[in-house]
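The structure appears right after this line, and notes come after that.
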Amino acid sequence: MMFGVSIVAGLSNFGLFLALGPDVFDDAAFVVFTALAMAQFGFAVAAIVMGIMALRSKQGGVGPLLLGILSMLGAPLGWFGGILAVGLSGLGGAWGRPLRVRGRQLHPNLREGSDWTRGEQPCPDGLDEATRVALAALWLHDAQKEHASVPAFSRVSWMLAAVGAPAELLEGAHRAAMEEIEHTRLCFALAAGYAGHSRTVDAMPDLLCGMDFGDDPLVTLAVESLEDGCLLEDYNADVAAACARACREPATLRVLQIIAEEERSHAHFSWQVLRWVLARDPARVRPAIERALARLDRYPRPTAVSRDKQVLVERADAEAMLAHGRLPDARWAEIWQARLSSTREDVRAMLEAPAVRPREDVRLMQLGGAR
């Protein structure tokens with residue numbers, strides 16, 4: 001009896017996860033998701049107790065007991081697995097710098113509204129419904145990630161101030177944040193054009209829990225500048241530029257060109273930060289850079305489509321998607337390998353170059369020779 005109820009709770013939770021995907025983290029849904037996992041665990045424990053009692057009285061076999069144990073283990077594993085799956089599904093597509101809070105990437109949920117929609121909208125004429133839905137979903141995903149990049153750069157600015165960085169670097173962080181605000185608006189405008197209605201961002205209360213700057217902010221700046229900036233944002237610029245070359249829709253093309261140019265400048269800023277922190281304290285920073293360089297191959301490659309939107313894209317017209325600036329995942333993978341190799345070579349060259357004093361490095365930034 002208890003085992004059966006536990007199985008029902010587990011299956012219900014699995015069905016909820018499949019139905020909602022990333023929205024399972026919305027407040028009410030997450031409460032239900034967690035409550036069902038706890039119910040599965042509790043009923044499984046009760047089934048185990050009853051199985052042990054039955055064995056002692058010689059009224060039952062070991063089968064129900066083993067099934068109860070499996071169900072008990074499945075509850076926490078399913079809960080954590082759901083969190084991991086949703087987290088991984090957010091890696092697809094998008095531009096911008098990742099927002100990291102307490103070890104996990106965050107981006108805002110969506111709700112109805114138009115306060116973040118500003119910019120030219122594409123013409124969806126001639127597109128079938130499945131393709132419009134897919135394009136709208138992808139640009140909404142991009143808008144979420146671009147929005148998350150705004151506090152991500154604020155976090156960078158906070159760390160830069162904490163370690164005594166020059167004004168030029170703090171200026172660069174804030175300029176990038178302002179550009180990410182505009183990217184967010186443009187992405188929401190494109191999504192609204194394809195969908196026929198506007199969405200906006202929901203509150204992000206997790207940001208009030210405080211930021212995690214690591215044990216050593218100087219090292220954190222070095223590692224994240226290398227991975228999230230020098231590698232990822234240069235790659236974002238590569239992909240956006242390739243998407244722009246394929247795009248035939250004027251409004252979408254202009255947004256892709258803006259993103260390509262400004263994501264490149266954000267990568268350039270990250271190289272500036274990396275060079276400055278290395279010059280500031282080589283003994284602390286250089287070993288961290290070398291470790292990050294050694295594990296660069298393990299950095300998760302963004303895919304053209306996040307897992308939760310895969311079905312939408314499969315239903316869409318592939319040629320129309322390309323004409324509206326969406327490259328297939330195979331092309332993203334090719335660009336990634338090229339950027340990974342280029343970044344690795346550039347970091348090695350930086351580490352082998354003669355040491356530059358921090359003030360001299362700032363002067364090089366102003367002259368445009370930081371990279």
Quiz item: When the residues of region 123-143 are filtered to those that are of a type in the set (A, V, I, L, M) and surrounded by fewer than 19 Cβ atoms within 10 Å (Cβ to Cβ), which remaining residue is nearest to residue 97 (Cα to Cα)?
Solution: 133
Practice problem: With the condition kept exactly as written, say whether any residue in region 224-244 is assigned by TED's automatic domain parsing to the domain that holds residue 343 and surrounded by fewer than 18 Cβ atoms within 10 Å (Cβ to Cβ). | Solution: yes
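Given the condition touching a Lys or Arg at 6+ places or on another chain (Cβ under 6 Å) and either buried (at least 17 other Cβ atoms within 10 Å of the Cβ) or free of Cβ contacts under 8 Å to residues at least 12 places away in the same chain (or both), answer yes or no: does some residue in region 321-334 qualify?
Of the residues in region 321-334, the ones touching a Lys or Arg at 6+ places or on another chain (Cβ under 6 Å) are 323.
Cutting the leftovers down to either buried (at least 17 other Cβ atoms within 10 Å of the Cβ) or free of Cβ contacts under 8 Å to residues at least 12 places away in the same chain (or both) gives us 323.
Yes, because at least one residue in region 321-334 is touching a Lys or Arg at 6+ places or on another chain (Cβ under 6 Å) and either buried (at least 17 other Cβ atoms within 10 Å of the Cβ) or free of Cβ contacts under 8 Å to residues at least 12 places away in the same chain (or both).
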Practice problem: Check region 95-117 and report whether any residue there is under 13 Å from the mean Cα position of the chain (by Cα) and on the phi > 0 side of the Ramachandran plot. | Solution: yes
Quiz item: Of all residues in region 109-129, which are among the acidic types (Asp, Glu), touching a residue at least 12 places away in the same chain (Cβ under 8 Å) and farther than 12 Å from residue 197 by Cβ?
Solution: 115, 120, 128
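Looking for whichever is of a type in the set (A, V, I, L, M), in contact with a strand residue (DSSP E or B) (Cβ under 9 Å, 6 or more places away or on another chain), in a helix (DSSP H, G or I) and in the same structural domain as residue 328 (by TED's automatic domain parsing) here; the options are 173, 143. Which one fits? Full working, then the answer.
Numbers: 173 fails: in contact with a strand residue (DSSP E or B) (Cβ under 9 Å, 6 or more places away or on another chain).
The unique qualifying residue is 143.
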Quiz item: Which numbered condition trips up residue 255, out of (1) over 28 Å from residue 120 (Cα atoms); (2) surrounded by 23 or more Cβ atoms within 10 Å (Cβ to Cβ)?
Solution: (1)
Exercise. Would you check which residues across region 158-172 are surrounded by 18 or more Cβ atoms within 10 Å (Cβ to Cβ) and within 25 Å of the chain's Cα centre (by Cα) and list them?
Key: 159, 160, 169, 172
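Are any of the residues in region 209-217 touching a Pro at 6+ places or on another chain (Cβ under 9 Å), assigned by TED's automatic domain parsing to the domain that holds residue 339 and in a helix (DSSP H, G or I)? I'd like the intermediate steps shown before the answer.
Step one: list which residues in region 209-217 are touching a Pro at 6+ places or on another chain (Cβ under 9 Å), which gives 211.
After this cut, where a residue has to be assigned by TED's automatic domain parsing to the domain that holds residue 339 as well, the list is 211.
Add one more test, that the residue is in a helix (DSSP H, G or I), and what stays is none.
The answer is no; no qualifying residue exists.
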Quiz prompt | Candidates 293, 278 - the one that is touching a residue at least 12 places away in the same chain (Cβ under 8 Å) and under 22 Å from the mean Cα position of the chain (by Cα) | solution = 293
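Residue-wise test of (1) of a type in the set (A, V, I, L, M); (2) more than 30 Å from residue 337 (Cα to Cα); (3) outside any helix (DSSP H, G or I).
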| position | (1), (2), (3) |
| --- | --- |
| 181 | yes, no, no |
| 194 | no, yes, no |
| 236 | no, no, no |
| 242 | yes, no, no |
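The values are calculated or read from the model by the stated rules, or taken from the named source; none is laboratory data. Model, not experiment: these values are computed from the prediction. Backbone-built Cβ (ideal geometry, glycine too); neighbour counts: all protein chains shown.
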